[in-house]
Amino acid sequence: MNPPECEIYILNYVNHRARSWRETDRLIQTRSLLATLMAFLRTVNVTRLADLTPRVWFAYVQERIKAGIKPSSLNTELKVVQSLIRFASENNIPVCRMMLEVHPLKTGEALPKDLNMGQVKALLNAARNKTEEAWILLMLHCGLRTCEIRALRWEDVDLQKRVIYIRESKGLQSRAVFLSLPVKEALEGLPQNHGFIFTYRNESLSRRYCQSRLSTLGRQVGFHVTPHQLRHTCATMLLNAGMSILGVQRLLGHKYVETTLRYARLYDVTVVRDFWKVSDVK
């Protein structure tokens, strides 16, 4: 059986580099990285180089991160693949040129530690009323930012379809966010008046108020809690529950999927399975 078209082009690229690089460490590394990529492409039935799209690449990156590969190493792989794409394009081989626009992953940036199942339950139990529990759930289950919680109005919510519409967020496009069953039930239990859903003293919640309440709750339950930590917990759990990187990117409203990919390295199947098992139980 003849090898797939994309593997022929990849091998041609390696042979081309071998003429100038000889058996250097750079050539050995390039050959090894592309062999790993070819093995993945076989598993997803990609046979043409033109079908190596950003979507396929991000799926590959997600698998590599789960295998323990560091973002800095994946950035090296991206350089190799983009060099391959340019070489193929120069030789009139059909390629997906959008691959040349893929950004490197961010490295060296510390992420907040996500909450475990016990901490999630403790935090929700410590909420002082149903309203507070509802906006905490929106951060935990839907990944909403503090500014999105504060701006949320009842006209943005469709409880029947279990969806809310985020109209403006950090200068990004509007997006739809789907509601888990606990979030839907929590919102149904609130008075549905006109205007903002969450208020304090008849005004929209302030950023300082949300941060202060989470800090206070954190002291009560014995661990540090921030708004971004809840959003981070949501992203991590969705990824580990099997949602695609691009799906989580769209749900969270990240402009670049590389931002979302930073969450993929935190992988704990047991915690995720227990979280979603309990999260839809009253």
Open item on the list: Taking the number of other C-beta atoms within 10 Å as the exposure measure, put T236, T216, T36 in order starting with the fewest.
Closed with: T216, T36, T236
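Count neighbours as other Cβ atoms within 10 Å of each site's Cβ, and list the trypsin sites (Lys or Arg not before Pro) in segment 145-214 that are DSSP loop with at most 15 such neighbours.
K161, R162, R167, K170, R201
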TODO: Please report the Cα spread of segment 26-110 along all three principal axes, rounded to whole Å, starting with the longest.
DONE: 42, 26, 24
- [ ] Starting from the amide H of V163, placed 1.01 Å from N in the peptide plane, find each other amide H under 5 Å away whose residue is 5 or more places distant or on another chain.
- [x] D158, L179
- [ ] Working from the alpha-carbon coordinates of the chain, get Rg over Rh, Rh being the Kirkwood radius.
- [x] 1.07
- [ ] Going by C-beta contacts inside 10 Å, put M99, M243 in order with the fewest on the left.
- [x] M243, M99
Open item on the list: Give me the tail of P(r) for segment 52-102 as a percent: Cα-Cα pairs with distance above 14 Å.
Closed with: 52
Task: L52 long-range amide H proximity, modeled H, under 5 Å - done: C96
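For a quick check: sort D158, D25, D51, D114 by the number of other beta carbons within 10 angstrom, fewest at the front.
Ranking D158, D25, D51, D114 by Cβ neighbours within 10 Å, fewest first, gives D25, D158, D51, D114.
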Open item on the list: Residue by residue through segment 177-184, what is 3J(HN,Hα) from phi via Karplus (6.51 cos²θ - 1.76 cosθ + 1.60, θ = phi - 60°)? Round to whole Hz and write x for glycine and proline.
Closed with: 10, 8, 9, 6, 4, x, 5, 4
Open item on the list: Can you show me the helix-derived [θ] at 222 nm for the chain, built from DSSP H runs with n ≥ 4 at -39,500 (n - 2.57) apiece and divided by the number of residues, rounded to the nearest 500.
Closed with: -17500 deg cm²/dmol
Task: C-alpha center-to-center spacing [segment 17-34, segment 165-238] in angstrom - done: 50
TODO: Using only the alpha carbon atoms of segment 117-279, find the Kirkwood hydrodynamic radius as the inverse mean reciprocal pair distance, in angstroms to one decimal.
DONE: 16.1
Open item on the list: If I model a spin label as a point 7 Å beyond the Cα along the Cα-Cβ vector, how far apart are those points for S215 and T76 in nm?
Closed with: 4.2
Task: Diffusion coefficient, µm² s⁻¹, Stokes-Einstein with Kirkwood Rh over alpha-carbon pairs of segment 40-186 at 25 °C and 0.890 mPa s - done: 129
TODO: Would you mind counting up the charge near E5? Only other residues with Cβ under 14 Å from its Cβ, with Lys and Arg at +1 and Asp and Glu at -1.
DONE: 0
TODO: Multiply the residue separation of V44 and R167 by 0.36 nm, subtract the distance between their alpha-carbon atoms, and state the gained length in nm to one decimal.
DONE: 40.7 nm
Task: Neighbourhood charge, 9 Å Cβ-Cβ cut-off, centred on T47 and excluding it, Lys, Arg +1 and Asp, Glu -1 - done: -1
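Read-outs throughout are calculated quantities, based only on the coordinates presented, and are distinct from any laboratory measurement. For clarity, every value in this text was computed on a predicted model and none was experimentally measured. Every residue, glycine among them, receives a Cβ derived from its backbone with ideal geometry; neighbour counts consider all protein chains shown.
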